[in-house]
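The values are calculated or read from the model by the stated rules, or taken from the named source; none is laboratory data. Small disclaimer: the values here were computed from a predicted structure and weren't measured. Here the Cβ is made from the backbone with ideal geometry for all residues, glycine too, and neighbour counts use every protein chain on show.
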Amino acid sequence: MSEQEFSHALELYRTNLVQYRVTGRPEYKIAYENAESWVRNYLNNVSGQITQKKSYVDSFLQNYSTANPDMVTLKTRFSEIRATGPQVQDDYMTIKRINDAEETPIDPYPYYVKGGALLALAGAVFVLTTF
C-alpha cells in the first residue's frame, strides 16, 4: 500500500459518496463503502506499523540503558557539562585575562623620560631662581 493508492482511495470515496447522495443509486453506495473499508484497513495497517516500530524503539532504548549503564552515566555527565560549560569557560577566561595582565612586564622607559624631564625642569627652575 502506498500513499498514492491511499490518495486514490480517498478520491474514490469522496466521488462515490457525492454521487450516491446526489443520485441515490446503490452502486455508488457500494463503491463508496468499499473505498471507505479500504481506507480504514489502510489506516489500521499504518497504525499497527507505527505501534510496532514504537515498541521496537522503546525496547531498543530499554536494552541500551540496561546494557550500557556507563554510556548513560556519560550522557548524564555530558549534559551537566554542557549546561555548566559556558559559565566555567567565562570564569576561566576572566582569570586568564587577570593573570596575563599581571604577568605583562612594565616598560620603565617612559618613566625614565618623564623623570629626566622633571629633573631638568627642576634644575632649570633652581638655576633661574638662584641667579
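Filtering the range 35-88 to residues that are touching a helix residue (DSSP H, G or I) at 6+ places or on another chain (Cβ under 7 Å) and at pLDDT 85 or above leaves Ala35, Glu36, Trp38, Val39, Tyr42. Is it the case that some residue within the range 55-65 is closer than 30 Å to Glu3 by Cβ, in a helix (DSSP H, G or I) and either in contact with a strand residue (DSSP E or B) (Cβ under 7 Å, 6 or more places away or on another chain) or small (Gly, Ala, Ser) (or both)? Taking every residue of the range 55-65 in turn, at least one turns out to be closer than 30 Å to Glu3 by Cβ, in a helix (DSSP H, G or I) and either in contact with a strand residue (DSSP E or B) (Cβ under 7 Å, 6 or more places away or on another chain) or small (Gly, Ala, Ser) (or both).
Contact annotation: residue pairs with Cβ atoms under 6 Å, 6 or more positions apart or on different chains, pairing a residue in the range 10-27 that is in the same structural domain as Trp38 (by TED's automatic domain parsing) and within 16 Å of Val39 (Cβ to Cβ) with a partner that is assigned to a helix (DSSP H, G or I) and small (Gly, Ala, Ser), are Leu12/Ala35; Tyr13/Ala35; Asn16/Ala31.
Provide a single number: the residues in the range 1-35 that are out of contact with any Leu (no Cβ under 8 Å at 6 or more places or on another chain) and among the aromatic types (Phe, Trp, Tyr). The qualifying residues number 3.
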